[in-house]
2 protein chains.
Amino acid sequence: MASIKDVAAQAGVSVATVSRVLNSHPSVSAEARTRVLAAVDALGYRPNAVARSLRTAQTRTLGLVISDVLNPYFTELARFVEEEARALGYSVIIGNADERPELQDHHIRTLIDRRIDGLLVSPADGGSPLMREVSLSGTPMVFVDRWIPGIDVPVVRADGTGAVKDLVAHLHELGHRRLAIIAGPAATTTGNERVEAFREALRELGLALPDAYIGQGDFQAASGRRATEGFLALPEPPEVVFAADNLMALGALDAIRARGLRVPDDIALAAFDDIPWFVHTDPPITTVAQPTAELARAAVRALADLIEGRTPQSVTLPARLVVRRSCGQDATDQRSTR
Amino acid sequence: MASIKDVAAQAGVSVATVSRVLNSHPSVSAEARTRVLAAVDALGYRPNAVARSLRTAQTRTLGLVISDVLNPYFTELARFVEEEARALGYSVIIGNADERPELQDHHIRTLIDRRIDGLLVSPADGGSPLMREVSLSGTPMVFVDRWIPGIDVPVVRADGTGAVKDLVAHLHELGHRRLAIIAGPAATTTGNERVEAFREALRELGLALPDAYIGQGDFQAASGRRATEGFLALPEPPEVVFAADNLMALGALDAIRARGLRVPDDIALAAFDDIPWFVHTDPPITTVAQPTAELARAAVRALADLIEGRTPQSVTLPARLVVRRSCGQDATDQRSTR
DNA sequence: CTGAAAGCGCTTACAG
DNA sequence: CTGAAAGCGCTTACAG
């Protein structure tokens, strides 16, 4: 592969001049510029990003550590993150933690070793010592979706409180009184917040959330299945199951089917996170939808601000309720809402 | 961030010795090793991967260019690719082409500029000049899933011929005679092969595949919707629609629902690519499943072989039919197959 | 076993 | 406007 030296030789100038042309430095004669550009073209020269990074101490690369790529919510988030980063001139390297703290740390390590300019993370757990260390070390860092109390970095996330309240009101209107939730890991903020929003919304309607109606999940399908099996084995099973993410909802559906029950006739189901497939499940699933694209964009912008020395903003965007048919519907409202 | 110089100073040795310890070079005294390790620990030193890459001319990084991350098939592929790569000591950087050739080229460029050790690609189109150039330039490269005739690199893919034949036999048994397909882009190998396998299977049963029953899609949901609308508007609509990937099947479902028709009573539906949600759609969808994990592993191994100077192997793995309920079922076979 | 030195491919103050 | 030189943080032949 041709190096800057080859280009300099071919153009009959110094490597300094080649570098100036490549970086559009103003003080280069038109003639030198032409000769360099011709040489670049002739040799098919491409600057070595590794060398450039070593010299400039910046990689124009962002690290994105997400808890589970297979979760469509995070896949979508990752896609929009890359899109916005590209628009701002950054590449992004994704690290998938598979909801495993040690894998998360592995990726953070690797990313830091590669000297990424900044880190976007949706922590898989309550936060490892490494994550705290990284934030303290001055590496620009932003939390997206999930965050860790006590680590002082900008947070870009959705607030589901209002939407969960709307959901509970919707369920109440449909006559449901025994509502259960499959929670995410207690160590994650989203795991907690969704349960608390749910509990609070129930309380306002004078409904209780007994412990037996709180299933402990880990945002993965299998845990949704297990939790739902637990609910169904109860002497008085709930009338509604609310899964705190889309994968646990998938598991819940599995469990309900396996029991030979039907949604919403035998039991209602709602989920957090809207995904394209929810329109086509049997029945279409009522969900709390997050503004994924906007979250991704705001997170990237906050990180770029931090990297480039501007003041970053924490952002909280509201989630919203999308009513479909999985919780039942009353006779007066036969239209299905997309 | 501490550099190798700091470690050397702290340990009272030269940077050469530090480097040797870090790379477990045999000829280092036990005492020097201890001192270096202690210094590394004290300083929290991590080698700068950028500098190391510049010096060694290798990045221990693989590039993976996929045509669409939002397609669950590719998401899963990417996940397993990263897993296997990690096991072999490589990181992977994913480039998402969104089925757009120019975006694909952008990612290939960026990846090459970063001097990745090898490139895994599932081409979004018939292959750009750039892709050919890269393969010729000696950059280790392997095609996965899709490939480009005339570019001589190892190919790791699934062969759907047998499974498509099984599918067509299944459809024929259920009494279906008018079968349509939503094809992928003609420029992609998977786009072509699936149509050809389908056509051939029909031919063997004495059935024709009229042009009107071949919808042109692009592996995205919207195209599946359009193609299906076209089929349904035909004077004699097909009895079965076979979508050549899972996203077009999603679009087909959209179109069928919008028309107020039901699957499989009014029209049957089958798809290529199995994904977890197909179990929970209404009805569960009959598909041709690819051995995604095995494909990913074989592709990474082939690429590592190429990079490390061994002889890589092209691999073709069979896909298999998974029968569910979206094509109807006869009275004697009431069990639903997972 | 160890260190001084060269060099990977760039960028950038410095001097002219 | 231009070039020689230093230096980013490593690794590794070479000499001892």
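Go through the range A:282-290 residue by residue and turn each phi into a ³J(HN,Hα) via Karplus (6.51, -1.76, 1.60, θ = phi - 60°); whole Hz please, and just put x for glycine and proline.
Those phi angles translate into 10, x, x, 9, 6, 9, 9, 9, 9 Hz.
Counting Lys +1, Arg +1, Asp -1, Glu -1, what net charge surrounds A:Val195 among other residues with beta carbon under 13 Å of its beta carbon? Write out the running numbers ahead of the final one.
Values: positive: A:Arg194, A:Arg199, A:Arg203; negative: A:Glu193, A:Glu196, A:Glu200, A:Asp211, A:Asp245.
Around A:Val195, the charge tally is -2.
Students sometimes get this wrong: rank B:Arg86, B:Arg60 by accessible area, probe 1.4 Å, all chains present, largest first.
On the way: B:Arg86 60, B:Arg60 85 Å².
From most exposed to least exposed: B:Arg60, B:Arg86.
Quick check: net charge around A:Pro26, other residues with Cβ under 12 Å of its Cβ, Lys/Arg +1 and Asp/Glu -1? Intermediate values should be presented prior to the final figure.
Details: positive: A:Arg20, A:Arg33; negative: none.
Every neighbour counted, the sum reads +2.
With charges only on Cβ, +1 for K and R and -1 for D and E, what is the dipole size of the range A:4-47 about its Cα centre, in debye, rounded to 20?
About 80 debye.
I'd like the distance separating the alpha-carbon centroids of the range A:269-318 and the range B:217-278, in whole Å.
Cα centroid to Cα centroid, the span is 29 Å.
Would you work out if the range B:249-332 is rounded, prolate or oblate? Take a ≥ b ≥ c from the square roots of the eigenvalues of the alpha-carbon gyration tensor; rounded if a/c is under 1.5, else prolate when a/b is larger than b/c, oblate otherwise. Please list the in-between numbers first.
Working: a/c = 4.40, a/b = 2.81, b/c = 1.56.
Prolate shape, in that a/c is at least 1.5 and a/b is the bigger ratio.
With every protein chain present, what accessible area does B:Ile94 have (1.4 Å probe, heavy atoms only), rounded to the nearest 10 Å²?
40
Using a 1.4 angstrom probe on the protein heavy atoms only, could you order B:Met1, B:Met131 from most to least accessible area? Could the numbers behind the result be given before it?
Numbers: B:Met1 155, B:Met131 0 Å².
Sorted descending by solvent-accessible area, the residues read B:Met1, B:Met131.
Between the helical axis of A:161-173 and the dominant principal axis of chain A, each derived from Cα atoms, what acute angle in degrees is found, rounded to the nearest 10?
For helix A:161-173, the angle is close to 30 degrees.
Taking the rotation that carries A onto B, look along its axis and tell me which residue of A has the beta carbon nearest to it, distance in whole angstrom.
Looking at chain A's Cβ atoms against the axis toward B, the nearest is A:Asp282, 2.
Could you identify which residue out of B:Thr190, B:Thr56, B:Thr228 has the top mean-square fluctuation in a GNM of chain B using Cα springs shorter than 10 Å?
Taking springs between Cα atoms under 10 Å, the residue moving most is B:Thr56.
For every other residue with a beta carbon closer than 10 angstrom to the beta carbon of B:Gln313, add +1 if it is Lys or Arg and -1 if Asp or Glu, then tell me the sum. Please list the in-between numbers first.
Details: positive: B:Arg301, B:Arg310; negative: B:Asp305.
Every neighbour counted, the sum reads +1.
Could you give me the ³J(HN,Hα) list for the range A:295-311, computed from phi with Karplus coefficients 6.51, -1.76, 1.60 and θ = phi - 60°, whole Hz, x at Gly and Pro?
Taking θ as phi minus 60°, the curve returns 4, 4, 5, 5, 5, 5, 5, 4, 5, 4, 4, 4, 5, 8, x, 8, 8 Hz for the range A:295-311.
May I ask you to report, in nm to one decimal and beginning with the shortest, the distances from B:Ala2 to the same position in the other copies, taking label points 7 Å along Cα-to-Cβ?
Nearest to farthest, the other copies are at 4.3 nm.
From the backbone phi of the range B:44-49, what are the Karplus-calculated ³J(HN,Hα) couplings (6.51 cos²θ - 1.76 cosθ + 1.60, θ = phi - 60°) in whole Hz, Gly and Pro given as x?
x, 6, 10, x, 7, 5
What are the distances, in nm and sorted shortest first, from the label point of A:Pro210 to the label points of the same position in each other copy, with each label point placed 7 Å from Cα along the Cα-to-Cβ direction?
The projected label point of A:Pro210 is separated from its counterparts by 6.2 nm.
Sequence-distant or interchain residues sharing an amide H contact under 5 Å with B:Val92, placed H: which?
When sequence neighbours closer than 5 places are left aside, the close amide H contacts are B:Leu62.
In debye, nearest 20: dipole of the protein assembly as shown around its Cα centre with unit charges on the Cβ of K, R (+) and D, E (-)?
1880
Once a ≥ b ≥ c are taken as the square roots of the eigenvalues of the Cα gyration tensor of the protein assembly as shown, is the result rounded (a/c under 1.5), prolate (a/b larger than b/c) or oblate (a/b not larger than b/c)?
oblate
How large is the dipole of chain B about the Cα centre if only Lys and Arg carry +1 and Asp and Glu carry -1, each at its Cβ, rounded to the nearest 20 debye? Could the numbers behind the result be given before it?
Numbers: 36 positive and 42 negative charges, 253 e Å.
Charge dipole of chain B: 1220 debye, to the nearest 20.
Excluding ligands and nucleic acids, what accessible area in Å² is computed for B:Lys165 using a 1.4 Å probe, to the nearest 10?
Roughly 80 Å² of B:Lys165 is accessible to a 1.4 Å probe.
Taking each label point as 7 Å beyond Cα in the direction of the beta carbon, state the distances from A:Gly126 to the same residue in the other copies, shortest first, in nm.
The projected label point of A:Gly126 is separated from its counterparts by 5.9 nm.
Given the whole protein assembly as supplied and a 1.4 Å probe, what does the accessible area of B:Tyr45 come to in Å², nearest 10?
Probe radius 1.4 Å; accessible area of B:Tyr45 about 30 Å².
Which residues' amide hydrogens lie under 5 Å from the amide hydrogen of B:Thr188, considering only partners 5 or more residues apart or on another chain, with H built in the peptide plane?
Residues meeting the criterion, in which the H sits 1.01 Å from N, do not exist here.
Please give the calculated 222 nm ellipticity per residue for chain B, where each DSSP H segment of at least 4 residues contributes -39500 (n - 2.57) and the sum is spread over every residue; nearest 500 deg cm²/dmol?
On the way: 12 runs with 145 residues, N = 338.
Estimated from H runs of four or more residues: -13500 deg cm²/dmol.
Using a Gaussian network model of chain A whose springs link C-alpha atoms within less than 10 Å, name the residue from A:Leu77, A:Leu167, A:Leu232 with the highest mean-square fluctuation.
Between A:Leu77, A:Leu167, A:Leu232, it is A:Leu232 that shows the largest mean-square fluctuation.
Output the 0 to 90 degree angle, nearest 10, between the alpha-carbon long axis of helix B:221-232 and the longest principal axis computed from the alpha carbons of chain B.
Value to nearest ten degrees: 10.
Using modelled backbone amide H atoms (1.01 Å from N, in-plane), which distant-in-sequence or interchain residues come within less than 5 Å of B:Ala97's amide H?
B:Ile66, B:Ser67, B:Asp68, B:Val69
Which order do A:Arg203, A:Arg324 take by accessible area at a 1.4 Å probe, largest first?
Descending order: A:Arg203, A:Arg324.
For the range A:22-54 and the range A:147-168, write down the distance between their C-alpha centroids in whole Å.
Centre-to-centre (Cα) distance: 47 Å.
Where is the GNM fluctuation largest for chain A (alpha-carbon springs, 10 angstrom cutoff): A:Asp245, A:Asp211, A:Asp152?
Sorting by GNM fluctuation, first place goes to A:Asp211.
The values are calculated or read from the model by the stated rules, or taken from the named source; none is laboratory data. Source: prediction; values computed, not measured. All Cβ positions, even for glycine, are placed from backbone atoms using ideal geometry, and neighbour counts span all protein chains on display. The accessibility values were calculated without ligands, DNA or RNA, using every heavy atom of the protein model including side chains. Shrake-Rupley method; radii C 1.70, N 1.55, O 1.52, S 1.80 Å.
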